[in-house]
Amino acid sequence: MAPKDMAQLDELTRLCALDDVEEDLPYCAEIGGIGYAVFRVGEMIFVTADLCSHGPGNLSEGNVEGFEVECPFHQGRFDLRTGMPTEPPCEAPVATWTPVIADGDIYIDIANPSNM
């Protein structure tokens, strides 16, 4: 998603440079003490909460397979597109955000997760 104008971009929070995120190698952006996991699948970018909804695992340290990330703590999985759990023991979704790409950087509206 691209911002409509610079005023919209001012309302968003920069997470990282687009070049910081490699295919199958998640990136963790920490903003105000909260982690956001940034993923690249092909040319698509996805952003989720970094902390697993089931335990102390960081999704940015997980394995990515297609549109799923596996939590390194207990091997539960989440769909990157929706934040919904796809494998137990995860039952609750993780927050996701719609990324905005502008000038080679990735931004999100932190206050407005896409799926919550």
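The values are calculated or read from the model by the stated rules, or taken from the named source; none is laboratory data. Predicted model only: the values in this text are computed from it and were never measured. Every residue, glycine as well, gets a Cβ built from its backbone with ideal geometry; the counts of neighbours run over all protein chains shown.
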Hey, among the residues in region 68-103 that are out of contact with any strand residue (DSSP E or B) (no Cβ under 6 Å at 6 or more places or on another chain) and small (G, A, S), which one's nearest to I45 (Cα to Cα)? A102
When the residues of region 97-108 are narrowed to those that are within 12 Å of the chain's Cα centre (by Cα) and of a type outside the set (A, V, I, L, M), which ends up surrounded by the most Cβ atoms within 10 Å (Cβ to Cβ)? W97
Residues (part of a helix (DSSP H, G or I), at pLDDT 95 or above and in contact with a strand residue (DSSP E or B) (Cβ under 7 Å, 6 or more places away or on another chain)) located in region 3-23: L18, D20
Before we move on, is M44 among the aliphatic types (A, V, I, L, M), closer than 16 Å to N115 by Cα, under 16 Å from the mean Cα position of the chain (by Cα) and surrounded by fewer than 18 Cβ atoms within 10 Å (Cβ to Cβ)? no
Kindly check whether there is at least one residue in region 32-40 that is of a type outside the set (F, W, Y) and over 16 Å from A95 (Cβ atoms). yes
Taking E11, is it within 15 Å of I110 (Cα to Cα) and of a type in the set (D, E, K, R)? yes
When F46 is evaluated against the numbered criteria (1) under 13 Å from I106 (Cα atoms); (2) in contact with a Gly (Cβ under 6 Å, 6 or more places away or on another chain), which criterion, by number, is the only one it fails? (2)
Specify which of the listed residues (V64, V38, V94) is surrounded by 15 or more Cβ atoms within 10 Å (Cβ to Cβ), hydrophobic (A, V, I, L, M, F, W, C) and part of a loop (DSSP other than H, G, I, E, B). V94
Just one of the numbered conditions (1) in a loop (DSSP other than H, G, I, E, B); (2) surrounded by fewer than 21 Cβ atoms within 10 Å (Cβ to Cβ) is not true of E30; which one? (1)
